[in-house]
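The values are calculated or read from the model by the stated rules, or taken from the named source; none is laboratory data. This structure is a prediction, so every number in the text was calculated from the model and none was measured. No Cβ is skipped: glycine too gets one built from the backbone with ideal geometry, and neighbour counts run over all protein chains shown. Surface accessibility is based on the protein's heavy atoms, side chains included, excluding ligands, DNA and RNA. Shrake-Rupley method; radii C 1.70, N 1.55, O 1.52, S 1.80 Å.
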Amino acid sequence: MNIYEKVKHDITQEYYTVNFPNDGQRFIAWYLRNIHGLDTVEARNCITDGAGDKQIDAVYVNNQNETVYIIQGKFYASDKIDSAPLMEVLASWTQMKDLQHLQENANDKLKAKINEISNALDDDYTICFELITASGLTDAAKADFERFSAELSESRTLNAELVLVDKDTLEARYDEAVNANRPYINHEFTLEDGKYIDINIAGTRAVIAAVTLRDCLKIPGIRDGSLFRKNVRQSLGSGNKVNKDIARTIRNNPGEFFFLHNGITAICSSLDIDGGIMTVKDLNVVNGCQSLTTIYNSSEAVKNAGVSYVMFRFYEIADSRRADVISTSTNSQSAVKARDMRSNDKYVLAMKKSYEHYFTDGYFITKRGEKVDTAQYNTAHIAELTSLGKQLIAWHSQRPTISYSESKIFDKYFEQLFHREYSPENIYALSEIYKAVYKRWDPANSNPLGLNDTLLAMKAYAPYHHFYAVSVMFCEINNMPDAVPEPSVVWKLMNDSGLADTVIDIAGQCLNMAFELAASDASQNNRVFSPPNWIKAKASLKEIRSAIMQYFRASMLNPAVKQVMDNFRNSLKMSRDSFSSRWAAD
């Protein structure tokens, strides 16, 4: 079954036939779910296709890699498509330069997405125009693609790139997505005679090889970042100066790529060479993330470049600490930013030591992609630095509006959040409260709170507002509106009283109420309501707090529930000593 047949078969499922009127939209939804990894609600929320779509079929804002994906899809049974779809992408690019004019003439779905795009661009996100098809391109269309891609990459108006996802690329990305959860990456490289050496340095086996750029496209784990687990950073995006230069060399001077590039460093637990095939196990690229992601995103240029090479250094190393040292030492092509190195911050290391001393069966993960042996540690006591940062800023700084942004947390606000003593009990409590909140957002739980579908589509943001709402509830119950409750005390009370589920549910209902009131108010006043903009704005916090106050006041006026609510409030009373001041974050 080829990729077209695979998609054609999959989109006959009920989700696609019920929610989308034609195969074109179903194809885009399939792509969003299977390649970008969105759930059913998120994928549906991204679709803008229809009358007034302005050649934009879908918009997906990925806050993890700070990229806005503008998607145009063509689902044809034919082997080749011409330049017409490329012209549509070019038209969407042209319109993107004037967002105000575009919004005035767009359909309602796209209008809301334009607000989201505008905010993302203010935060220096990259725009990626993706043309997706289960077909290939004609030769003329390929030439047009190369021309448009070069023009886009050189643009000073927008930080943007054009990516073609044709049948071959789509099939490769699907295969990669299917295997995304593999704990380790094993791969085979073709080694050409006279283009590699196998040596031993200080007891360590090393293979230095010239690998073709085409073979680089086949390496698994590039798109989802799993290949770079031990790298100190992930892709910096196509707008990065070094990455633009790499893409330019691939397009204009591929024969010189080997000589103009510093090379790629990879480690593996074992390697074996037999008949020109090198098999590596537990592969990690510790230096070369920018290069490989740029090569991957320049797949059409690579295919048209003829035979061109990049130098690989493969080291057979099983010692993870030694691998971390190599990762840090070899990353010099693009400057390592502060947030890439936070795992070595002395306050973080002290927090890790304190946490693991208190929870002797626990583990505090500080490195991105670090694997933990769950047979050795209690999973309930495994904490993680990135998640903790997001929880701290939502709870103690009362700014869930920032929780989505790792760059802000680990750059701008890092000292406010981490350069202080923080107890292991509170780290654990924050994690457990957030887990309890996030269960209500798991698609497998069938939306137990009846949350608005649009709210459900914002799982990168909204659960932190739900988490924040729990803290606000305890402030309201204890008449401490300008303070922040101690997480460990909150978690103990929730469990000791048997009211944990009730607290989480009420907080979620109040968030939903605030969201729907804001949407209704915008509609009544004939304003465009952008859910992502609302969830990122501080006004949403005021409205959530107001919804919680109204919930409790309304319950006190209802004789049928007053006694129940009195008991509820009394069970969650805290001393004033269990509250502290809000940590500054803006």
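Structure above, values below:
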{"quantity": "Angle between the chain longest axis and helix 539-556 axis [Cα atoms, degrees, rounded to 10]", "calculated": "30 degrees"}
{"quantity": "Given charges at beta-carbon only (K, R positive; D, E negative), |dipole| of the stretch 1-77 in Debye", "calculated": "140 debye"}
{"quantity": "Size of electric dipole in the stretch 76-171: Cβ of Lys, Arg +1 and of Asp, Glu -1, about Cα centre, debye, nearest 20", "calculated": "220 debye"}
{"quantity": "Karplus-derived HN-Hα couplings along the stretch 102-115 (A = 6.51, B = -1.76, C = 1.60, θ = phi - 60°), whole Hz, x at Gly and Pro", "calculated": "4, 5, 4, 10, 8, 6, 4, 5, 5, 4, 5, 5, 5, 4"}
{"quantity": "Viscosity 1.002 mPa s, temperature 20 °C, Stokes-Einstein D of the chain from Kirkwood C-alpha radius, µm²/s", "calculated": "82 µm²/s"}
{"quantity": "Other-chain or far-sequence residues with amide H under 5 Å of Tyr363's (modelled H)", "calculated": "Ile382, Ala383"}
{"quantity": "Dipole in debye (nearest 20) - the stretch 478-586, about Cα centre, beta carbon charges: Lys, Arg +1; Asp, Glu -1", "calculated": "240 debye"}
{"quantity": "Residue-span extension gain [Gln376 to Asp122] - 0.36 nm each, minus C-alpha spacing", "calculated": "87.0 nm"}
{"quantity": "Among Ile317, Ala429, Ala143 - extreme Cα towards positive end, dipole of the chain, charges at beta-carbon", "calculated": "Ala429"}
{"quantity": "Cα centroid separation - the stretch 358-430 against the stretch 201-222, whole Å", "calculated": "34 Å"}
{"quantity": "Within the accessible area of the chain (1.4 Å probe), percent carbon and sulfur", "calculated": "47 percent"}
{"quantity": "Cα lying deepest toward the dipole's positive end in the chain, options Ser153, Ile219, Ile117, charges on Cβ", "calculated": "Ile117"}
{"quantity": "Gyration tensor (Cα) of the stretch 1-144, equivalent ellipsoid semi-axes in angstrom", "calculated": "24, 19, 14"}
{"quantity": "Helix axis angle, 462-477 relative to the chain longest principal axis, alpha carbon, degrees", "calculated": "20 degrees"}
{"quantity": "C-alpha center-to-center spacing [the stretch 33-48, the stretch 258-293] in angstrom", "calculated": "33 Å"}
{"quantity": "The chain: angle of helix 84-96 to the longest principal axis, Cα-based, in degrees nearest 10", "calculated": "50 degrees"}
{"quantity": "Furthest towards positive pole of dipole, Ser571, Ser523, His465, structure part the stretch 457-586, Cβ charges", "calculated": "Ser523"}
{"quantity": "Alpha-carbon centroids, the stretch 496-545 and the stretch 441-492: separation in whole Å", "calculated": "10 Å"}
{"quantity": "Surface per residue (accessible, 1.4 Å probe) for the chain, Å²", "calculated": "44 Å²"}
{"quantity": "Contour excess over end-to-end distance, with Cα ends at Asn304 and Ala554 and 0.36 nm allotted per residue", "calculated": "83.2 nm"}
{"quantity": "Nearest-0.05 FRET efficiency for Asn2 and Arg582, computed from C-beta distance (R0 45 Å)", "calculated": "0.20"}
{"quantity": "MRE, 222 nm, helices only [DSSP H, n ≥ 4, -39500 (n - 2.57), over the chain, to nearest 500]", "calculated": "-14000 deg cm²/dmol"}
{"quantity": "Label-point separation, Asp108 to Asp274 (7 Å along Cα→Cβ), nm", "calculated": "6.2 nm"}
{"quantity": "Straight-distance crosslink candidates among lysines, where the alpha carbon sits under 20 Å from Lys6 and sequence neighbours closer than 8 are dropped", "calculated": "Lys74, Lys80, Lys167"}
{"quantity": "Along principal axes, Cα extents of the stretch 517-586, largest first, whole Å", "calculated": "42, 37, 13"}
{"quantity": "Sites Ser155 and Met565, calculated FRET efficiency, Cβ-Cβ separation with R0 60 Å, nearest 0.05", "calculated": "0.55"}
{"quantity": "Cross-link table Lys367/Lys390; Lys109/Lys538; Lys8/Lys439, entries beyond 21 Å C-alpha to C-alpha", "calculated": "Lys109/Lys538; Lys8/Lys439"}
{"quantity": "FRET E, pair Thr94, Asp10, Förster distance 30 Å, beta-carbon r, rounded to 0.05", "calculated": "0.35"}
